[in-house]
Structure formats: structure tokens, C-alpha cells
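So the structure is just underneath, and the comments pick up after that.
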Amino acid sequence: MGNLTNPAPLKAWIIPLTFLMVYPMMINLQVQKVLTGRDYKLQLITQLINFAIVPFFAYGMGRMFFADRPLVALGLLLASLLPTSGMTISWTGFARGNLSAAVKMTVIGLILGSIATPFYAKWLMGTVIEIPLANTFRQIAIIVFLPMILGVATRLVLIRIVGADKYNKNLRQKFPAFSTLGVLGVVFVAMALRAEDIVQRPLSLLSFLVPLAILYTGNFIFSTFIGKAFFNRGDAIALVYGTVMRNLSIALAVALTVFGGEQGAEIALIIAMAYIIQVQAAAWYVKLTDRIFGAAEQVQPKTS
């Protein structure tokens, strides 16, 4: 579309589509879970991996593969700075890991990542790209914390109206579909805004797959090693999915709302491509889980 017509009017849809993408996922976010349990060691190591290791690995990949395309490198960094998502919880459940720990990782990771992202981006990429620190914080407040507050309020109101049982059985599973629509819309806008460049250099998108594959593979290997070395099966699985899965929806939203227009679209392209690697890699890892950690019923608990 963007190669045949002027895609500029699509920019007006970025904020509405971003809200459609983020708000529904926040409705099911169980913020109260942060205050439960005593798995401090697991949560601490998870976030150390998320913020002391993964961003610098991604930054190195960006320097290596995209030295002449700093906006693409920034997109890779943004994806690494926003850990966990609903995928963390879903895939942990599929692999029969510790769901309660995964929920806490998701909430903590989202909050820490939202606060840390502007500082990391300014620190690591500020010399080659102008990072509008104040605007980044403002946009994150709008696209993360406002939907989070509205999502929690919406869930509480719905539970009060229909009851917890009906909410969990009939309503809870409907919200992710709306987020998916928002993701598709945002990716469509990003592709349309960069359509001319994509048509002229069709292999440029495929070139994103190699560094993304290296990033995810390295992350899976490292997190698996840490999980097997220090935690029981359930906790280890939660740690793997809590450190490998990234909140690509929020990363897309930050790219398009903070940087806007064609700059934001170029940043967003590699984030959009990361969806392909992330979903497929997570599915493969589920199939390997019993081989790596042993079958759930055969594993003797190890204290965390």
C-alpha cells in the first residue's frame, strides 16, 4: 500500500492502534501477584538477566550487524529492554512451569523495563541518535502506565459485575484477540510507512533474522544453564520464559509513538520481525522442555 499511495495519513492511526494493542493485555495483568510468594532469589536473578545481560548482548548484536543503520540497532535494543509479556505466562503454562512466578516476572519486568528503557536508550544509543528523554517518559506513561491503571480498573469492575468465575471462564480469554488486532494494525502501519524502502531492498527484512536468531538462541542457552544450575524444574522454566520472551508489543508502541513517522517505522521493522523468531522459538522450546528438565512427574523438587 505505502508504495502505491501516500502512507502519511496512516500516522494518525498509530496512537489508537497502540491503545488497542496495549489496553486489552493490561486487563488480565495480575499486578497484585507481585506481593505474593517468597521466590526472591528467582525474581532477582530473572531481572538481573533481563537488565544486566540481555540489553548488552542486543547492543553488541546491533553494533556488529547494523553499524551503518543505527535506527535498526535501536529497534533491537528496544526489544531487549522490555522483557516478558502474556507470552511468558502462556508458554510457561504449556511447559508446565511455575505459573505464579511467571506472572510476577511479567509484572515486575514490565514496570522495570518501562522505567529503565529511556535511560538505557540514551546511554547506549544517545551518541548516534537523538533520544528525547522527556518525551520517551511521557509516551511510556501514556502507552504503558495509563493502560495498566485502566486495565486493572476494568478487571475489577467486570469481576464486580459478572463475578470472578464468569470472568475467568467467559471473558478473560477474549481480550488477547483485541491485542492481536492492534499488533497487526501497528505492524501494517510500520510496513506501509517503510514500503518504498522495503520494495527497493526486499532482502533487508530477511537480514534482520540472523541477529535476531543469534540473540534468542544465546538467550535460551544462557537462561537454560542458569535455570538448571540453580532452580527446580518449574522455577527454571519460568526463568527461561521470563528472560527470553520480550514484550514486543510495548517495544513497537515505544518506537512508533516516541520517534514517529518514518524513523519510528524503521525502528519498528526489526521488532516486528522478532515476532516470527520469538513465537517459533518458544514453541520449539516447549517440545524440548521434558528432554532438558525432565518430565514434570519424574522431577524431584529442588529448593530455590
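The values are calculated or read from the model by the stated rules, or taken from the named source; none is laboratory data. This structure is a prediction, so every number in the text was calculated from the model and none was measured. Positions of Cβ are generated from backbone atoms using ideal geometry, with glycine treated the same way; all protein chains shown enter the neighbour counts. Ligands, DNA and RNA are stripped out before the accessible areas are found, and what is left, the full protein with its side chains, is counted by its heavy atoms. Shrake-Rupley method; radii C 1.70, N 1.55, O 1.52, S 1.80 Å.
State the number of residues belonging to the stretch 113-152 that are open to solvent by less than 50 Å² (accessible area, probe 1.4 Å) and either assigned to a helix (DSSP H, G or I) or touching a strand residue (DSSP E or B) at 6+ places or on another chain (Cβ under 8 Å) (or both).
From the stretch 113-152, those open to solvent by less than 50 Å² (accessible area, probe 1.4 Å) are 113-114, 116-118, 120-121, 124-126, 129, 131-132, 135-136, 139-141, 143-144, 147-148, 151-152; that's our starting set.
Within this subset, residues satisfying the condition of being either assigned to a helix (DSSP H, G or I) or touching a strand residue (DSSP E or B) at 6+ places or on another chain (Cβ under 8 Å) (or both) are 113-114, 116-118, 120-121, 124-125, 135-136, 139-141, 143-144, 147-148, 151-152.
Counting residues in the stretch 113-152 that are open to solvent by less than 50 Å² (accessible area, probe 1.4 Å) and either assigned to a helix (DSSP H, G or I) or touching a strand residue (DSSP E or B) at 6+ places or on another chain (Cβ under 8 Å) (or both) gives 20.
If you take the residues in the stretch 268-304 that are in a loop (DSSP other than H, G, I, E, B) and not aliphatic (A, V, I, L, M), which one is modelled with the highest pLDDT? If we take residues in the stretch 268-304 being in a loop (DSSP other than H, G, I, E, B) and not aliphatic (A, V, I, L, M), then Gly294 is modelled with the highest pLDDT.
Here is a yes/no grid of residues against (1) touching a residue at least 60 places away in the same chain (Cβ under 8 Å); (2) under 18 Å from Ala255 (Cα atoms):
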{"position": "Thr136", "(1), (2)": "yes, yes"}
{"position": "Met148", "(1), (2)": "yes, no"}
{"position": "Val162", "(1), (2)": "no, no"}
{"position": "Phe175", "(1), (2)": "yes, no"}
{"position": "Val183", "(1), (2)": "yes, yes"}
{"position": "Val187", "(1), (2)": "yes, yes"}
{"position": "Leu205", "(1), (2)": "yes, yes"}
{"position": "Val210", "(1), (2)": "yes, no"}
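The residue that is most open to solvent (accessible area, probe 1.4 Å), counting only those in the stretch 57-92 that are farther than 19 Å from Leu248 by Cβ and part of a helix (DSSP H, G or I), is Arg63.
Looking only at residues in the stretch 232-267 that are of a type in the set (Val, Ile, Thr) and over 13 Å from Thr289 (Cα atoms), the one that is surrounded by the fewest Cβ atoms within 10 Å (Cβ to Cβ) is Thr257.
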